[in-house]
Amino acid sequence: MVIHHFDDGAVAPDGCWDLLRSAVVGRLAVWSGDRPEIFPINYIVDRGTIVFRTAPGKKLDSAIGHQLLAFEADGYDTDSDLAWSVVVHGKAEMLTNFDEVVDASALPLFPWHPGAKGIFVRIVAEQLSGRAFSVVDPQVWGVWASSKPVVD
């Protein structure tokens with residue numbers, strides 16, 4: 001995969017969506033009660049949105065509604081030796097319209113967890129940002145660490 005990014009590492013929105021399409025697992029960050037929660041989810045990009053399946057519970061209750069949430073996915077491209085990360089800020093909506101549920105059911109999106117995951121949720125992006133950077137040779141860190149003076 002070719003990852004196009006600016007000199008500062010920023011990835012343009014179209015590139016962010018391409019990167020999101022290349023991954024299958026991300027992290028859903030929501031506010032639940034008095035604390036933040038992070039849930040790993042498998043997902044698919046569908047028409048400029050993130051779609052995932054879930055069951056009733058804390059994840060669903062925390063995701064849907066009027067509050068903003070964050071979704072993050074990342075990866076590493078061995079061909080270009082680039083690591084990347086994309087963050088989506090937006091709102092989630094449970095799909096309840098019959099036609100939307102039928103369309104979502106046809107997506108190649110299958111839960112990894114064996115429990116029933118019959119509820120489809122769509123994250124609509126309000127803000128999207130991505131970064132990509134070259135991965136340094138691990139030996140660089142060894143040289144850097146060994147060149148620092150030891151402080152007692």
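A few remarks follow.
- Descending principal axes extents, the chain, alpha-carbon based, whole Å: 63, 39, 30
- Pairs of Lys in the chain closer than 19 Å at Cα, counting only those 8 or more apart or on different chains: 4
- With contributions of -39500 (n - 2.57) from each DSSP H run of at least four residues, the per-residue ellipticity at 222 nm computed over the chain stands at -6000 deg cm²/dmol.
- The mean sequence separation of alpha-carbon pairs under 8 Å and at least six residues apart, normalised by the residue count of the chain, gives a relative contact order of 28 percent.
- Among beta bridges that DSSP assigns inside the stretch 15-109, antiparallel share in %, nearest 5: 95
- Per-residue packing, averaged as other Cβ atoms within 10 Å, sorts the ranges 13-20, 76-83, 128-135, 110-117 into the order 13-20, 128-135, 76-83, 110-117, beginning with the highest.
- Cleavage-rule hits, trypsin sites (Lys or Arg not before Pro), the stretch 20-88, DSSP coil, Cβ neighbours within 10 Å at most 11: R47
Only the coordinates and a few stated rules stand behind these numbers; no lab work does. Every value quoted in this text rests on a predicted model; they were computed, and no experiment measured them. Don't worry about glycine lacking a Cβ; one is built from the backbone with ideal geometry, like all the others, and counts go over all protein chains shown.
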